[in-house]
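Data block below; observations after.
The values are calculated or read from the model by the stated rules, or taken from the named source; none is laboratory data. Since we're looking at a predicted model, the values are computed, not measured. We place every Cβ from the backbone using ideal geometry, glycine too, and count neighbours over all the protein chains shown.
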Amino acid sequence: MAARVAAIQTNLDKYQCMFTWYKDLPYPFSSKWVIDSVEDKLLTSDCEWQSIVYHLVLFYEYHRIEKNPEARDHLVECENIISDSECFATSPLVKRNIIAIKHVLYASWLHFISKTYSYDSYKDYLTEIVLYKNMNKKQKAGVVGIHSACLMEYGSKGNRIASTTVLQGIKHDEHEGHWHYLRGEALRYERLTSVEEVAPKEEEIKCFELAHFYDEHTPSHYIGLASVLYDSVRKEKGPSQVRDKATQLYKSALENWPNSAYVNIMCTSGLLSYAYPVRDTRLADQCLGKALRLSPKSSFVNLVAGIFFKWPNNNSTAANRHFNLAKKRYATLVDDITKG
C-alpha cells in the first residue's frame, strides 16, 4: 500500500487543480472567510462556469479544514453541472472549455482520492483526464482561466496574482471573451480597493469591451462593461452617451436574463451607484424585488436591499431587517453603514 501511495503522489503534479495551485494562494488565509464569501456568491450564481469555479474553491477549502464529506459534495456538484451542460447545451462558455474543466475537476478527484486513500475510482478518472501538455492552445487557456478565476476568490493578494496569470490564457486564446473579462475584473478590483478614487484606465475598459464583443452570451460580460463605462463618466454632469450606453447594457441584460438573481442584483447595485438626477430608481426597485424573491438568503442581496431602503426610501425598519441578514458576510461594512 505504501508503495502505491508513493507512486500516486509522485505523478500528481502533472494534473492541475487547486492542490497544484496552492503555492499561488496568499496564505495564511481564513478558510472560513473564503467559504462564507463563496457560498454567498453561489446563492446568486446562474452561470454554470462561475458555479463550477465556486464549487472548486469550496471543495479545496473544505478539504483544508478536514471536512471531506462536504468537500466531496462540491466535486459532485461540478460533475452534475457538466452533465447538464453536455445534455442541454445551457452554457456555451462551459461547452467551449469542457476539456479544461474536466481536467481540473478530475485532477481534483485524483488529488482528493490520494489524500483520503479511497482508490476505487482512481483509474476511472485517470483514463478520463487529458494532460495539460497534450492540450491545444484553447484548452490550455481554459485551464489558465479556471486557475485565474479561482485565485480571484482570495482577496486582494489572490486578485493581484490572477491579473497576471490570466494574461497567459489571453495569449493562448485571445478570442475567448471571458479571459478578457477576468483581466478586466482583476483591474477593476485593484482600482476599487485603492486608497484614492480613480477613473478606470483604458486597459480596463478595453478588457470589458473585448469580453462583450467576443461573447454576448454571458451575463457578467454585460454587467462588467456597464459598470466600467459608468465609472468612466461617474463625475460628469448632464447628458452622457457613455452613461446611456451603460444603462442600456443593464437593460439588455435584464431582457436576456429576466429571471437571473445575479443579473437582477448586479443591475440594482449598478443603477443605485448613479447620481440621483440620472438614477432610474424605479427600475432598481423592480430588480431588487426580483432578486430578493430569487435569492432571499444572499448576504449581498440583503446588503444592497439595506442600502436601497436606508437612502432612496428612508425606511429604517426595512433597512435594518436586511442589514441584519447581510451581517454573515458583511458585518464590518454593515456596522460602518449603520453607524455612519
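Structure data summary
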read-out	value
Test: residue in the stretch 220-234 that is touching a Ser or Thr at 6+ places or on another chain (Cβ under 6 Å), within 20 Å of Gln50 (Cα to Cα), touching a residue at least 60 places away in the same chain (Cβ under 8 Å) and not acidic (Asp, Glu)	no
Criterion violated by Pro200 - all others in (1) in a helix (DSSP H, G or I); (2) in contact (Cβ under 8 Å) with a residue 24 or more places away in the chain; (3) over 15 Å from Tyr222 (Cα atoms); (4) not polar (S, T, N, Q) satisfied	(1)
Residue among Ala253, Ala186, Ala226 that alone is of a type in the set (Gly, Ala, Ser) and within 16 Å of the chain's Cα centre (by Cα)	Ala186
Residue check, Pro277 under 30 Å from Ile205 (Cα atoms) and modelled with pLDDT under 95	yes
Pairs, first farther than 14 Å from Lys14 by Cα and of a type in the set (Lys, Arg) in the stretch 108-137, second in a helix (DSSP H, G or I) and at pLDDT 90 or above, C-beta under 9 Å, six or more apart	Lys115/Phe19; Lys115/His63; Lys115/Asn68; Lys137/Lys171; Lys137/His172
Residue selected from the stretch 229-247 under the condition among the hydroxyl-bearing types (Ser, Thr, Tyr) and under 15 Å from Glu204 (Cα atoms), by the criterion surrounded by the most Cβ atoms within 10 Å (Cβ to Cβ)	Tyr230
Count of residues meeting criterion [surrounded by 15 or more Cβ atoms within 10 Å (Cβ to Cβ), hydrophobic (A, V, I, L, M, F, W, C) and without any contact (Cβ under 8 Å) to a residue 24 or more places away in the chain] in the stretch 319-340	2
Boolean, Glu70 is at pLDDT below 95, at negative phi and either surrounded by fewer than 20 Cβ atoms within 10 Å (Cβ to Cβ) or hydroxyl-bearing (Ser, Thr, Tyr) (or both)	no
Single residue of Tyr250, Tyr262, Tyr214, Tyr274 found to be buried (at least 23 other Cβ atoms within 10 Å of the Cβ) and without any contact (Cβ under 8 Å) to a residue 60 or more places away in the chain	Tyr250
One residue from Glu176, Glu196, Glu202 being modelled with pLDDT under 95 and acidic (Asp, Glu)	Glu196
Elements of type helices (runs of 4 or more DSSP H) contained in the stretch 13-117, each with 2 or more residues being aliphatic (A, V, I, L, M) and within 20 Å of Glu176 (Cβ to Cβ)	48-64, 68-88, 92-96, 98-116
Selected residue (criterion: nearest to Val301 (Cα to Cα)) from residues of the stretch 28-53 that are surrounded by fewer than 21 Cβ atoms within 10 Å (Cβ to Cβ) and aromatic (Phe, Trp, Tyr)	Trp33
The one condition in (1) surrounded by fewer than 22 Cβ atoms within 10 Å (Cβ to Cβ); (2) charged (D, E, K, R); (3) free of Cβ contacts under 8 Å to residues at least 60 places away in the same chain that Lys140 fails to fulfil	(1)
The stretch 293-308 residues that are crowded, with 24+ Cβ neighbours inside 10 Å, paired with ones that are small (Gly, Ala, Ser) and assigned to a loop (DSSP other than H, G, I, E, B) (beta carbon under 8 Å, 6 or more apart)	Val301/Ser295
